[in-house]
Amino acid sequence: MIPGREKRLQEVLSNVSRETVDDLLGFEELFRKWSRTINLASPSTLDQLWERHIVDSAQLFDMAPNALKWLDLGSGGGFPGIVLAILLKQRSGGSIDLVESNGKKAAFLRTAIGQFSAPGTVHAMRIDATWAKIAAPEIITARALASLSRLFTLAEPWLTRGAVALFQKGRDYRREIEESRDAWSFHLVERESAVDKDSVVLQISNLRRTDTNQ
């Protein structure tokens, strides 16, 4: 056990078990092992993997304390998808779908799901190919995937039917919000990041198109 890391998790989560902390530490080790052969995250961030990626992902969990059905788009190296899958082991009936079109990254995600017996399903396909396959998620996440407008297009089939998005964005998020208003209307709550003062989590609901020519 690494006390400082457990304490940091406790600062962003209302409840985290010792088993969950151990699983997340194990995931960090697995991630580093696979990162030696495939590019799962920017090499410049690996020295701060726990804070920059694992804690940053974990903070989303308590933002939807009653949600059981999650969907992570463009899961990449498992942030936030695998972190959320591990946390969902604590929530009876919880599960997450992870969509990642890159075959090698999808293989890593499946390995992580299996190793930690996490309630997740990996879909190795394009996001638009899963529109009819994944039904009615409550929460949709995406991290470092695309602009906000593009995320709206990718998640439209779910967001217009009641799902809520928790999209993690960096310092340029205000410009993305304004640009997206040209074609979309939505309810927005800006949540401060617990990891980076220049980053936010954008909580999006009630998405509707305003530009019918798109």
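Below are the figures for this structure:
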item	result
14 Å beta-carbon shell around Ala183, net charge (K/R +1, D/E -1)	-2
Helix 103-115 vs. the chain, principal-axis angle (Cα, 0 to 90°, nearest 10)	50 degrees
Antiparallel bridges, percent of DSSP beta bridges restricted to the stretch 68-212 (to nearest 5)	40 percent
Accessible area in the full protein assembly, largest first, 1.4 Å probe, for Leu98, Leu188	Leu188, Leu98
Arg174-Glu51 pseudo-label distance in nm [points 7 Å out on the Cα-to-Cβ vector]	2.5 nm
Helix-only [θ]222 nm of the chain, DSSP H runs n ≥ 4, -39500 (n - 2.57) each, per residue, nearest 500	-9500 deg cm²/dmol
About the Cα centre, charge dipole magnitude for the stretch 1-103 (Lys/Arg +1, Asp/Glu -1 at Cβ), debye	80 debye
With every protein chain in place, the stretch 1-121: carbon and sulfur % of accessible area (1.4 Å)	46 percent
Per-peptide average of other Cβ atoms within 10 Å, ordering 89-95, 140-146, 52-58 highest first	52-58, 140-146, 89-95
Shape call, the chain: gyration tensor on alpha carbons, a/c limit 1.5	prolate
Cα-based shape type of the stretch 108-214, given that a ≥ b ≥ c are square roots of the gyration tensor eigenvalues and the cut on a/c is 1.5	oblate
Cα-projected label distance for Thr121 with Ala64, points at 7 Å along beta-carbon direction, nm	1.6 nm
The stretch 1-65 - accessible surface per residue (Å², probe 1.4 Å)	53 Å²
Å² of accessible area per residue within the stretch 74-125, as computed with a 1.4 Å probe and no ligands counted	32 Å²
Cα long-axis angle, helix 148-159 against the chain (0 to 90 degrees, to the nearest 10)	90 degrees
Magnitude of the charge dipole, the stretch 86-214, Cβ model with Lys/Arg +1 and Asp/Glu -1, debye to 20	380 debye
For the stretch 171-192 versus the stretch 67-86, the gap between their alpha-carbon centres in whole angstrom	22 Å
Whichever lysines have a C-alpha closer than 24 Å to that of Lys169, once near sequence neighbours (fewer than 8 apart) are set aside	Lys69, Lys105, Lys197
Dipole moment magnitude, nearest 20 debye, the stretch 118-180 about Cα centre, only Lys, Arg, Asp, Glu C-beta charged	140 debye
Signed unit charges on C-beta, dipole axis of the stretch 60-139, positive-most listed residue Pro80, Ala106, Gly93	Ala106
From phi via Karplus (6.51, -1.76, 1.60), per-residue ³J(HN,Hα) for the stretch 54-61 in Hz, x at Gly/Pro	6, 5, 4, 6, 4, 4, 5, 4
Within-14-Å neighbourhood charge of Val21 [Cβ basis; K, R +1; D, E -1]	-2
Length added when fully stretched, Ser185-Glu138, from 0.36 nm per residue minus Cα-Cα	15.0 nm
Angle in degrees between helix 3-12 and the longest Cα principal axis of the chain, rounded to the nearest 10	20 degrees
Net charge of neighbours whose Cβ lies under 10 Å from the Cβ of Pro137, counting Lys and Arg as +1 and Asp and Glu as -1	-1
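The values are calculated or read from the model by the stated rules, or taken from the named source; none is laboratory data. Predicted model only: the values in this text are computed from it and were never measured. Positions of Cβ are backbone-derived with ideal geometry, glycine not excepted, and every protein chain shown enters the neighbour counts. For accessibility, only protein heavy atoms count, side chains too; no ligands or nucleic acids. Shrake-Rupley method; radii C 1.70, N 1.55, O 1.52, S 1.80 Å.
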